[in-house]
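Structure, as structure tokens:
Derivation of every value follows stated rules applied to the coordinates shown; laboratory data play no part. Small disclaimer: the values here were computed from a predicted structure and weren't measured. Cβ: placed from backbone, ideal geometry, glycine included. Neighbour counts: every protein chain shown.
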Amino acid sequence: MNRRSFLQKTALSLPILTATPSLFTSCQEEKITPIMTDKKIIIIGAGIAGLSAANYFKTRNIDITILEAQNQVGGRLKTQRNSDIPFDEGASWIHGDNKNPITNLAKASGTNLFETDDDQVKVYDIDGTQYSDSVLDKAENEYNKILENLGGDQNQSFETIFYQKYPHYQSNRLWTYQLSAYLEFDTGADISELSSLDFYDDEEFSGRELLVTNGYDTIVNYMIQGIDIKTNTKIIEINYLTDKTIILTENQTFEADFILLTVPLGVLKKKVISFVPTLPNPKQQAIEKLQMGVINKFLCVWDSAFWETDLQYIGLTPKTKGKFNYFLNYRKFSEINALMTFTFGNYSLLIEKMSDAEIIAEIMAHLKIIYGNNIPEPTQLLRTKWSSDEFTWGSYSFTPKGTRSTDYDVLTEAVEDKLFFAGEHTSRDYRGTVHGAFISGEREAKKIIELL
Ligand SMILES: Cc1cc2nc3c(=O)[nH]c(=O)nc-3n(C[C@H](O)[C@H](O)[C@H](O)COP(=O)(O)OP(=O)(O)OC[C@H]3O[C@@H](n4cnc5c(N)ncnc54)[C@H](O)[C@@H]3O)c2cc1C
């Protein structure tokens with residue numbers, strides 16, 4: 001979902017999967033001259049950024065190898081298939097399908113898509129009373145107006161500036177809900193950390209919000225065809241002192257002329273990889289300053305549905321920010337009796353320490369407010385723990401207070417024309433998205449090809 005698409009309702013009536021040319025298909029369809037080179041190129045990380053670069057090279061007959069730490073590929077495009085329900089732990093949506101390169105990739109790979117309507121929602125207060133449509137519309141209009149003209153300060157968080165200007169909203173549960181289920185969901189950040197200047201300065205594609213219903217790994221499986229990927233290969237050092245760059249794992253050594261590093265910002269922040277020599281100071285500082293936010297997802301499954309099956313979303317306005325306040329109804333697009341709910345911001349960190357039973361109790365307490373005490377317990381809970389995922393350390397990047405989004409440009413810069421950087425955290429315009437990561441991979445592949 002994406003609340004900013006509220007501002008772009010005019011684009012919502014496009015037919016599904018219009019054949020807009022994507023970067024990926026245009027690569028394959030246009031006449032491309034193969035490039036001969038004896039230079040060795042290694043891509044680190046087999047997420048969408050690494051895979052998009054790999055495919056760009058592949059279409060030009062350039063051999064590359066991807067080194068991937070995990071025993072699986074796709075990174076944050078991660079579909080859990082332990083049960084008969086494909087559960088996307090990371091990305092679920094194509095945000096804005098118009099000219100979005102992921103739209104055509106989805107089409108080519110046989111991905112099933114469903115258009116979710118952000119406005120098809122019923123929101124309830126903590127006594128079970130439903131907010132009227134007029135109250136919701138008024139609050140959302142005001143939300144959009146305020147956010148367009150907040151007027152921030154580099155060193156102050158969104159939360160500080162917002163409540164300084166609108167103190168009466170501090171105890172307004174509908175506003176707590178909007179700032180959490182809309183803003184914290186979109187940016188990945190807790191509003192107490194989020195920049196009050198650069199919270200929505202990125203770009204977005206117009207068009208519809210398309211939910212992938214048969215697993216985002218469908219796209220990954222399509223993209224890995226013909227690509228040399230070494231899994232279980234965790235990089236711990238990159239030495240670019242000598243002519244050839246040396247890449248080390250615990251027990252292996254690789255050599256390359258060009259390295260494309262696509263590991264997440266969280267991995268760079270944790271210094272999992274040592275650089276010899278150390279990265280230039282501005283890059284180190286940008287790595288330190290930009291942050292990873294945490295969104296967690298929870299899929300609850302029942303034998304039968306007790307909620308309105310044709311409703312897209314259910315909202316609740318608890319006092320606690322970021323706590324199971326938004327539910328995606330699976331029955332709207334499938335036969336599965338399931339609701340997906342989320343945690344945002346700091347509450348996402350807290351929840352990772354809780355047991356499944358404790359989480360179910362919290363979710364059920366919220367659903368009972370709306371549907372009464374007699375609803376059944378779920379038969380299954382699937383959950384994520386992104387802040388403690390050792391290959392990501394968070395969900396996606398955001399600009400915190402104390403810095404500016406220009407740091408994303410610093411993360412994008414190559415080092416000595418040997419070391420190149422891609423990934424969602426190198427896309428100032430499309431950070432935190434699948435398409436941002438995809439575009440960044442092609443961007444860096446083009447830079448490397450210029451040097452061959
Ligand atoms: C909960 C959640 C919901 C999201 N929802 C959406 C959504 O609906 N729509 C959307 O557009 N975006 C969404 N996103 C964001 C999107 O998933 C990411 O922006 C995108 O997938 C990032 O791709 P990437 O290639 O930059 O990084 P990744 O996918 O993280 O790939 C990096 C790869 O590097 C590997 N790696 C890490 N360390 C090492 C190492 N030391 N050595 C070798 N390899 C290493 C990792 O294992 C991983 O495979 C969501 C993300 C999350 C977590």
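What does a probe at Ser304 reach in region 338-359, counting residues whose amide N is under 19 Å from the point 7 Å along Cα→Cβ? The answer is 338-339, whose backbone nitrogens lie closer than 19 Å to the label point. The Cα center of region 49-73 and the Cα center of region 396-445 differ in position by 18 Å. Centroid-to-centroid, using Cα positions, region 138-178 and region 331-357 are 26 Å apart.
Diffusion coefficient (Stokes-Einstein, Kirkwood radius over C-alpha pairs, 25 °C, 0.890 mPa s) for region 79-220: 140 µm²/s, rounded to a whole number. Against the chain, whose longest principal axis comes from its Cα atoms, helix 48-58 is set at around 40 degrees. Phi angles of region 175-180 translate, via the Karplus equation with coefficients 6.51, -1.76, 1.60 and θ = phi - 60°, into HN-Hα couplings of 6, 4, 4, 4, 5, 8 Hz per residue; Gly and Pro are given as x. In order along region 375-382, the phi-based Karplus estimate (6.51 cos²θ - 1.76 cosθ + 1.60, θ = phi - 60°) of 3J(HN,Hα) comes to 6, x, 6, x, 8, 8, 10, 10 Hz; Gly and Pro are listed as x. The phi torsions of region 195-205, fed into the Karplus equation with coefficients 6.51, -1.76 and 1.60 and a -60° offset, translate into couplings of 4, 7, 9, 10, 8, 10, 8, 7, 9, 8, 7 Hz, rounded to whole numbers, with Gly and Pro shown as x.
Sorted largest first, the principal axis extents computed over the alpha-carbon atoms of region 357-407 equal 52, 24, 13 Å. For the chain, the longest principal axis of the alpha carbon atoms and the long axis of helix 356-371 meet at an angle near 40°. Here's the list of lysines a cross-link from Lys244 could span, going by alpha-carbon distance under 26 Å and ignoring same-chain residues fewer than 8 apart: Lys39, Lys40, Lys58, Lys230, Lys234, Lys269, Lys270, Lys271, Lys283, Lys418, Lys446, Lys447. Residues whose amide H lies under 5 Å from that of Ile229, counting only those 5 or more places away or on a different chain, are Ile66; hydrogens are built 1.01 Å from N in the peptide plane.
Using the Cα centre as the reference, give the magnitude of the dipole from point charges on the C-beta atoms of region 157-227 (Lys, Arg: +1; Asp, Glu: -1; all else neutral), rounded to the nearest 20 debye.
On the way: 3 positive and 12 negative charges, 66 e Å.
Its charge dipole is roughly 320 debye.
Label positions at Lys447 and Ala357, each projected 7 Å from the Cα along the C-beta direction, are separated by 5.2 nm. Pairs of C-alpha atoms in the chain farther apart than 39 Å represent 20 percent of all such pairs. Calculated from the alpha-carbon coordinates, region 225-347 shows an Rg and a Dmax of 22.3, 65 Å respectively. Each label point was placed 7 Å from the Cα along the Cα-to-Cβ direction; for Asp153 and Glu203 their separation is 3.2 nm. Between Gln285 and Gln170, the modelled label-to-label distance comes to 3.4 nm, taking each label 7 Å out from Cα in the direction of the beta carbon.
Note on region 146-272: the C-alpha convex hull projects to 13.0 nm² when averaged across all orientations.
Among Glu352, Glu89, Glu424, sorting on how many other beta-carbon atoms sit within 10 Å of each Cβ, with the fewest leading, yields Glu352, Glu89, Glu424.
Counting beta carbons within 10 Å around each of Glu362, Glu237 and listing the fewest first gives the order Glu237, Glu362.
Just so you know, the Rg over Rh for region 402-452 is 1.00, from Cα atoms, with Rh as the Kirkwood radius.
From the helices alone, meaning DSSP H stretches of at least four residues, give me the mean residue ellipticity at 222 nm for the chain, per-run term -39500 (n - 2.57), in deg cm²/dmol to the nearest 500.
-8000 deg cm²/dmol
Per residue, the convex hull spanned by the Cα atoms of region 275-368 measures out at 160 cubic angstrom. Taking 0.36 nm per residue of separation and subtracting the Cα-Cα distance, full extension of the segment from Ala365 to Gln225 would add 45.8 nm. Extension gain, Ser83-Ile375: 0.36 nm per intervening residue step, less the Cα-Cα distance, totals 102.8 nm. Please label the shape of region 358-452 as rounded, prolate or oblate, based on the square roots a ≥ b ≥ c of the eigenvalues of the alpha-carbon gyration tensor (a/c under 1.5 means rounded; beyond that, a/b larger than b/c means prolate, else oblate). Prolate.
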